[in-house]
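In what follows, a single structure is set out as structure tokens and then discussed.
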Amino acid sequence: MADSTRSPRTARNAGPRAARDQSAPRLEPLVLEGLEPGLAGDPEAGHRTEGLAFDGVDFTGLELGAATFSECAFRDVTAHDADLRSVSFLDCRFERLSAPSLPAPRSRWRGVEIEASRIGSAELYDAELNGVLVRGCKLGYVNLRGARLRDVKFEDCAIEELDLGHASALRVAFEGTQVDALDVRGASLEHVDMRGARLSRVSGIDGLRGATLSSLQAAELAELMAARLGIAVEG
């Protein structure tokens, strides 16, 4: 079972790319074995749930504040308006999670994989994401204001609005991901690779300091940068 004191599934076997590029997110495959079937009534607010597989379970509206889930799998799960305030997910996998509204402020996500999921509004302000892979997901408004991100990767996702205002991010990457609106006002970024993202609108251009952009992205953002410096660009 998981030990909540150990490091997340990062640097040990991060693979050849991370060994070459120290700025890339350090992620390991998540292996879950020997899980027992779980029911909606198993987890309780403030309690620890460990080693369960929730398949087709409906958590809609459940009060789960300050609960801890360790080495659990969630497949075809609905969690609309489930109270996930201050919840901890440690070494967990989500597949086809459905949540039009996911209130999870001040939550902790360590060693987590989220795949093929649809989330309308994810309230993750002041959350902590460490060693997280988000792949093939459709996300509406992702509120990560004031959050702390470390070793996080978005791959083949569609995000309508990503709010990183006043967040701190280290080794975060976007690959094949559409971001319609990005807010980085007051953000602190280090080794954040935006080259694989298709950015439509950016608020707080100064907050991109510490990010890596492609030459095409830099050209597309040139007008915003010029306006920030008080430079008039005329044809």
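Mind telling me which of the residues Val134, Val202 ends up being surrounded by 17 or more Cβ atoms within 10 Å (Cβ to Cβ), β-branched (Val, Ile, Thr) and within 22 Å of Leu30 (Cα to Cα)?
Criteria check complete, one pass: Val134.
Just to be sure I understand, how many residues within the range 82-109 are surrounded by fewer than 16 Cβ atoms within 10 Å (Cβ to Cβ) and assigned to a loop (DSSP other than H, G, I, E, B)?
Final tally of qualifying residues: 0.
Each row is one residue, and each column tells you yes or no for (1) surrounded by 15 or more Cβ atoms within 10 Å (Cβ to Cβ); (2) part of a loop (DSSP other than H, G, I, E, B); (3) modelled with pLDDT under 90.
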position	(1), (2), (3)
His166	yes, yes, no
Arg171	yes, no, no
Thr177	yes, no, no
Glu190	no, no, no
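Are any residues in the range 205-227 at pLDDT 80 or above, surrounded by 15 or more Cβ atoms within 10 Å (Cβ to Cβ) and part of a helix (DSSP H, G or I), and if so, which ones?
Ile205, Gly207, Leu208, Gln217
What's the total number of residues in the range 31-48 that are part of a strand (DSSP E or B) and either farther than 20 Å from Gly131 by Cβ or polar (S, T, N, Q) (or both)?
Total meeting the criteria: 2.
Pick from the range 24-39 the residues that are loosely packed, with under 14 Cβ neighbours inside 10 Å and not β-branched (Val, Ile, Thr): which of them is modelled with the lowest pLDDT?
Pro29
Please work out if Ser121 is farther than 21 Å from Phe94 by Cβ, polar (S, T, N, Q) and either assigned to a strand (DSSP E or B) or more than 13 Å from the chain's Cα centre (by Cα) (or both).
No.
Considering only residues that are of a type outside the set (A, V, I, L, M, F, W, C) and surrounded by 17 or more Cβ atoms within 10 Å (Cβ to Cβ), look in the range 60-77 and name the one that is nearest to Gly140 (Cα to Cα).
The residue in question is Gly65.
Taking the range 56-74 as the region of interest, how many residues are more than 17 Å from Trp109 (Cα to Cα) and either in contact with a Gly (Cβ under 8 Å, 6 or more places away or on another chain) or touching a residue at least 24 places away in the same chain (Cβ under 8 Å) (or both)?
The qualifying residues number 1.
Please state which of the following conditions Arg185 fails to meet, knowing it meets all the rest: (1) under 27 Å from Gly120 (Cβ atoms); (2) in a strand (DSSP E or B).
Result: Arg185 fails condition (2) only.
Pull up the range 49-59, narrow it to residues that are in a loop (DSSP other than H, G, I, E, B) and buried (at least 16 other Cβ atoms within 10 Å of the Cβ), then point me to the one that is nearest to the chain's Cα centre (by Cα).
Filtering the range 49-59 for residues that are in a loop (DSSP other than H, G, I, E, B) and buried (at least 16 other Cβ atoms within 10 Å of the Cβ), the one nearest to the chain's Cα centre (by Cα) comes out as Phe59.
The values are calculated or read from the model by the stated rules, or taken from the named source; none is laboratory data. Just so it is clear, the structure is predicted and the values come from calculations on it, not from any experiment. With ideal geometry, Cβ positions are generated from the backbone for all residues, glycine too; neighbour counts draw on all protein chains shown.
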